[in-house]
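Okay, so here's the structure we're looking at.
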Amino acid sequence: MYPENHLKFQGKRGRIEVVCGSMYSGKTEELIRRLKRAGIARQKVEIFKPDTDIRYDETAVVSHNDNRIPSTPVPAAVNILLLASEADVIGIDEAQFFDEGLVEVCSILANRGKRVIVAGLDMDFRGMPFGPIPKLMAIAEEVTKVHAVCMDCGYTANFSHRLNDNENLVLLGEKDLYVPLCRECVCLRIKSE
């Protein structure tokens, strides 16, 4: 019934926490806050991000508010297993850009007694579930969905609306390419385009 990695509980209480939402909702800010608190508690913390995310810094995890924390860029989820063996707490930013193997990696780490905190977009620019985030939400002990403010009406936003016609699923960008919108304003914009 359960994948083999779910059966290898090793005595310590590990867990998976997911922080998800749209762009500009504070996901990375919340990830950094949790990781800094773990550091204050003298826990060994390791932070990872996909090596393709070089928007603000090649190595650091950086929020839109320029809050930053050192991290290790990796090309694939499996690399996290190799590099996080000594950590008590593992942070993973921009998780939607990782391969589906991230779900198993997080499960293995949690089963080894690690606290795994994952942050990422839960939906792509089309409003569809994005990458491994939905599966991580399903197996997580804790899911925190954060919201941005709709740039059109000021209501709670949970969509990352793309401002150009590029249809590539992954298109790294900031405020020049994306705007947070509520459901109604996304529908209105799509109707008028």
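Might you check whether a residue that is surrounded by fewer than 22 Cβ atoms within 10 Å (Cβ to Cβ) and closer than 16 Å to Glu30 by Cβ occurs anywhere in the stretch 130-139? Yes, some residue in the stretch 130-139 is surrounded by fewer than 22 Cβ atoms within 10 Å (Cβ to Cβ) and closer than 16 Å to Glu30 by Cβ. For the stretch 109-120, the set of residues classified as modelled with pLDDT of 95 or more and of a type outside the set (Gly, Ala, Ser) consists of Leu109, Lys114, Arg115, Val116, Ile117, Val118, listed by residue number. Checked against the criterion of being part of a loop (DSSP other than H, G, I, E, B), loosely packed, with under 15 Cβ neighbours inside 10 Å and at pLDDT below 90, the stretch 149-163 has at least one qualifying residue. When the stretch 11-54 is limited to residues that are at positive phi and of a type in the set (Gly, Ala, Ser), the one that is modelled with the highest pLDDT turns out to be Gly21. Considering (1) closer than 22 Å to Glu46 by Cβ; (2) within 15 Å of the chain's Cα centre (by Cα), the lone condition that Val146 does not fulfil carries the number (1).
The values are calculated or read from the model by the stated rules, or taken from the named source; none is laboratory data. Source: prediction; values computed, not measured. No Cβ is skipped: glycine too gets one built from the backbone with ideal geometry, and neighbour counts run over all protein chains shown.
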